[in-house]
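Chemist: Take a look at the following structure, please.
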Amino acid sequence: MVGRGPGAELTSAVETPLARALPVVSDFTGAPWQAERLAWRLLLLATVLFLSVVLGGWYAVRWYIGNAIVINQGFGRLIEGVGLIQRAGHTEWIELPKVPIFDEGDTIRTSSGSRVFMRLFDFSTVLLYPDTTLQVVQLRRGRFGPVDRTVVLRLERGRIHVGVAPDEPPYESLQGSFEVQTPSGLVGLQDGSYSLEVVTLAESTVLVRVGKAIAHAAGASLTVGTGQRAQILKDTAPVGPLPIPRDVLKNGSLQDGVPGPAGQPGRPSHWTVLDLSEREPPGRVSWEIEGGQGKVSFERVGEGHGETIIRQTVGRDLSDTASVLLSTEVRVDSHSLSGGGFAGTEYPLMLRVIYEDINRTNTVWAHGFFIHNRDDLPVRAATQVQAGEWTSYEVNLLGLVPRPAHIERLDVLAAGWSYRSAVRNVRLVID
């Protein structure tokens, strides 16, 4: 019982439960170089874990800063007429207020005679012309980089003018993209001034007043610059660069036509043929190719007022045009009435344009051609020409007073009693 006093018993009673509670740590009995290798491995593992946490966090923050976006609104003004808006997620159309606010997904529609102006968050502008439908697809900028923008518009029909904010104070270093989608393709715009139009569901155009645009369609791209335009056809590579002035008449060259049956005159394609003669006989319109050029002739032999017409509906808004040149070649062979007839309005060959002026008033402009005025009858707005000779004529319709705002249709006609005349190369070139 030596060494088994009260103190020893107390120590044993305390150490036994404490030993059970503490973990067992074994002594490292390997060689010293093994201990050193284990230490280095642990240190490298700790370093990798630390760098992963630090770099991963840095990249995550950087990704968030670079990709965080703010969805913006556009502000507008109803310039004239009545407009409609379809809010995102809704199916009904409501009347556009005078000072509307646009959100992503909204669709704006202008009626005939109405225009809407839009200002976007980056100070870019969009002007909607009559009979236009435009959807706001995206209006976004970077949350931490406000100069990063993403603007996507979809032009479903009609025509717009776009002013993309320039790369200068206070808009310097603008990045991202500005795109306009159409039914036939996609157009990317840089800072500048542009006109875009949906001609048909299979054709659209972009006119570059100032700047650079890239047209995409059918997997191909085309770059056009200042003073050029591109034609975007569905399922076809973009066509261009083309000059901005373009003829908006169909078959104005009169090269296409439908031959008549045996002994009957042919008719020009895309033109409506009318005769409004008040007495028999009616006038006759005939189409043919002469010397490689298309020609339409007018002929009537009789008395009483006769009027023989070829007509084409133009339906063209002129709000974004610098000039509208109407040109043609005319020939007058003979006519029975002197000058312009008793009222000065009957000529053997005439050009007549029906348009709406800037005051929204329907107006008729006409110009006649004649070869004689033996009876000294009234002559108004007409040009005397040599019999049987082709004569060129050109007029800028934007010089008329009051100025045209919308061309409805063009008539080429012969009027009077007896007449024989012809026309070729009819052009309506809009710049």
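The values are calculated or read from the model by the stated rules, or taken from the named source; none is laboratory data. None of the values given here were measured: they were computed from a predicted structure. Ideal geometry is used to build each Cβ from the backbone, glycine not excepted, and the neighbour counts take in all protein chains shown.
Chemist: Looking at S323, S338 in this structure, which one is more than 17 Å from I407 (Cβ to Cβ) and touching an Asp or Glu at 6+ places or on another chain (Cβ under 6 Å)?
Modeler: S338
Chemist: May I ask you to say which residue of V48, V61 is modelled with pLDDT of 75 or more, assigned to a helix (DSSP H, G or I), farther than 27 Å from S319 by Cα and outside the structural domain of S193 (by TED's automatic domain parsing)?
Modeler: After applying the criteria, what remains is V48.
Chemist: Listed residues P268, P259, P282; which is farther than 27 Å from A382 by Cα and in contact with a strand residue (DSSP E or B) (Cβ under 6 Å, 6 or more places away or on another chain)? Walk me through it before giving the result.
Modeler: Numbers: P268 fails: farther than 27 Å from A382 by Cα; P282 fails: farther than 27 Å from A382 by Cα.
After ruling out the rest, the residue left standing is P259.
Chemist: Out of L201, L249, report the one residue that is touching a strand residue (DSSP E or B) at 6+ places or on another chain (Cβ under 8 Å), among the hydrophobic types (A, V, I, L, M, F, W, C) and over 30 Å from D148 (Cα atoms). Spell out the reasoning first.
Modeler: Working: L201 fails: touching a strand residue (DSSP E or B) at 6+ places or on another chain (Cβ under 8 Å).
Selected residue: L249, the only one of L201, L249 that is touching a strand residue (DSSP E or B) at 6+ places or on another chain (Cβ under 8 Å), among the hydrophobic types (A, V, I, L, M, F, W, C) and over 30 Å from D148 (Cα atoms).
Chemist: Kindly establish whether V385 is of a type in the set (A, V, I, L, M, F, W, C), in the same structural domain as H270 (by TED's automatic domain parsing) and over 40 Å from the mean Cα position of the chain (by Cα).
Modeler: Numbers: of a type in the set (A, V, I, L, M, F, W, C): yes; in the same structural domain as H270 (by TED's automatic domain parsing): yes; over 40 Å from the mean Cα position of the chain (by Cα): yes.
Answer is yes for this residue.
Chemist: Let me ask you something else. Is it the case that V314 is closer than 30 Å to L201 by Cβ and either buried (at least 17 other Cβ atoms within 10 Å of the Cβ) or touching a Leu at 6+ places or on another chain (Cβ under 8 Å) (or both)?
Modeler: Details: closer than 30 Å to L201 by Cβ: yes; either buried (at least 17 other Cβ atoms within 10 Å of the Cβ) or touching a Leu at 6+ places or on another chain (Cβ under 8 Å) (or both): yes.
The answer is yes for V314.
Chemist: Could you tell me whether the stretch 397-411 includes any residue that is modelled with pLDDT of 95 or more, surrounded by 15 or more Cβ atoms within 10 Å (Cβ to Cβ) and more than 27 Å from the chain's Cα centre (by Cα)?
Modeler: Within the stretch 397-411, one or more residues are modelled with pLDDT of 95 or more, surrounded by 15 or more Cβ atoms within 10 Å (Cβ to Cβ) and more than 27 Å from the chain's Cα centre (by Cα).
Chemist: Still on this structure, I have one more. Mind listing whichever residues of the stretch 248-277 are in contact (Cβ under 8 Å) with a residue 24 or more places away in the chain and part of a strand (DSSP E or B)?
Modeler: Those that are in contact (Cβ under 8 Å) with a residue 24 or more places away in the chain and part of a strand (DSSP E or B): G257, V258, P268, T272, V273, L274, D275.
Chemist: Based on what the data block shows, is R331 in contact (Cβ under 8 Å) with a residue 60 or more places away in the chain, surrounded by 15 or more Cβ atoms within 10 Å (Cβ to Cβ), touching a strand residue (DSSP E or B) at 6+ places or on another chain (Cβ under 9 Å) and over 30 Å from E80 (Cβ atoms)?
Modeler: Considered against the rule, which asks whether it is in contact (Cβ under 8 Å) with a residue 60 or more places away in the chain, surrounded by 15 or more Cβ atoms within 10 Å (Cβ to Cβ), touching a strand residue (DSSP E or B) at 6+ places or on another chain (Cβ under 9 Å) and over 30 Å from E80 (Cβ atoms), R331 comes out as yes.
Chemist: From R380, R360, R374, which residue is charged (D, E, K, R) and either modelled with pLDDT of 90 or more or in contact with a His (Cβ under 8 Å, 6 or more places away or on another chain) (or both)?
Modeler: Answer to the check: R374.
Here's the yes/no breakdown for (1) more than 18 Å from E156 (Cα to Cα); (2) modelled with pLDDT under 95; (3) not aliphatic (A, V, I, L, M):
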{"residue": "T205", "(1), (2), (3)": "no, yes, yes"}
{"residue": "G211", "(1), (2), (3)": "yes, yes, yes"}
{"residue": "A220", "(1), (2), (3)": "yes, yes, no"}
{"residue": "G227", "(1), (2), (3)": "yes, yes, yes"}
{"residue": "L233", "(1), (2), (3)": "no, yes, no"}
{"residue": "A237", "(1), (2), (3)": "yes, yes, no"}
{"residue": "G240", "(1), (2), (3)": "yes, yes, yes"}
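Chemist: Could you grab me the full set of residues in the stretch 346-374 that are of a type in the set (D, E) and outside any loop (DSSP other than H, G, I, E, B)?
Modeler: Within the stretch 346-374, E356, D357 qualify.
Chemist: Moving on to the next point. Tally time: how many residues in the stretch 278-307 are within 26 Å of K250 (Cα to Cα), touching a Ser or Thr at 6+ places or on another chain (Cβ under 7 Å) and in a loop (DSSP other than H, G, I, E, B)?
Modeler: Of the residues in that region, 1 qualify.
Chemist: Would you tally the residues in the stretch 122-141 being assigned to a strand (DSSP E or B) and at pLDDT 90 or above?
Modeler: Result for the stretch 122-141: 9.
Chemist: Looking only at residues in the stretch 142-164 that are of a type in the set (G, A, S) and at pLDDT below 85, which one is surrounded by the most Cβ atoms within 10 Å (Cβ to Cβ)? Let's see the steps before the verdict.
Modeler: Going residue by residue through the stretch 142-164, those that are of a type in the set (G, A, S) are 142, 145, 158, 163.
Applying the additional criterion that residues be at pLDDT below 85 yields 142, 145.
Values: G142: 18, G145: 15.
Result: G142.
Chemist: If you don't mind, there's one more thing I want to ask. With the condition kept exactly as written, say whether any residue in the stretch 271-288 is of a type in the set (F, W, Y), more than 27 Å from D317 (Cα to Cα) and surrounded by 14 or more Cβ atoms within 10 Å (Cβ to Cβ).
Modeler: Within the stretch 271-288, one or more residues are of a type in the set (F, W, Y), more than 27 Å from D317 (Cα to Cα) and surrounded by 14 or more Cβ atoms within 10 Å (Cβ to Cβ).
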